[in-house]
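Asker: Got a structure for you, questions after.
Every read-out reported here was derived from the displayed coordinates using simple, explicitly stated rules and does not represent laboratory data. Everything numeric in this text was worked out from a predicted model, so none of it was measured. Here the Cβ positions follow ideal geometry from the backbone for every residue, glycine too, while neighbour counts run over all protein chains shown.
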């Protein structure tokens, strides 16, 4: 809701498979990926997005409460370009989104 208030148009996926489907349908400029989702988790979903020729250019930011150094490494290896640790303030999310969209 905060990102929409900040002027971004957002889509929400309830699962990893929904995220892949919505990414194919809408080609978003950026994906914020929660690591913990029902069915296919965010790590696996990010890896699928990163290896799909139609979707590989969409930057993915992992958003998770799993904050050990190995989780950051796992996010990079899956194909994420950023990592935000929960809890995170809405302003921090908006700043990260703005920065990444300018970069990509």
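Asker: Compute the label zone of residue 29 within the range 64-104: residues whose backbone N is under 16 Å from the point 7 Å along Cα-to-Cβ.
Answerer: 93-104
Asker: Here's a follow-up. Quick one: if you stick a label point 7 Å off each Cα along the C-beta vector at residue 52 and residue 91, how many nm between them?
Answerer: For residue 52 paired with residue 91, the spin-label model returns 3.5 nm.
Asker: Let me ask something additional. Across 10 Å bins from 0, what is the distribution of all Cα-Cα pair distances for the chain, in whole percents?
Answerer: 15, 52, 32, 1
Asker: Considering Cα pairs under 8 angstrom that are at least six residues apart, work out the relative contact order of the range 2-103 and quote it in whole percent.
Answerer: 25 percent
Asker: A further question follows. Run lengths n ≥ 4 of DSSP H only: what is the helix-derived mean residue ellipticity at 222 nm for the chain, with -39500 (n - 2.57) per run over all residues, to the nearest 500?
Answerer: -13500 deg cm²/dmol
Asker: Could you compute the FRET efficiency for residue 3 and residue 67, with r as their C-beta to C-beta distance and R0 at 25 Å, rounded to 0.05?
Answerer: The computed FRET efficiency comes out at 0.70.
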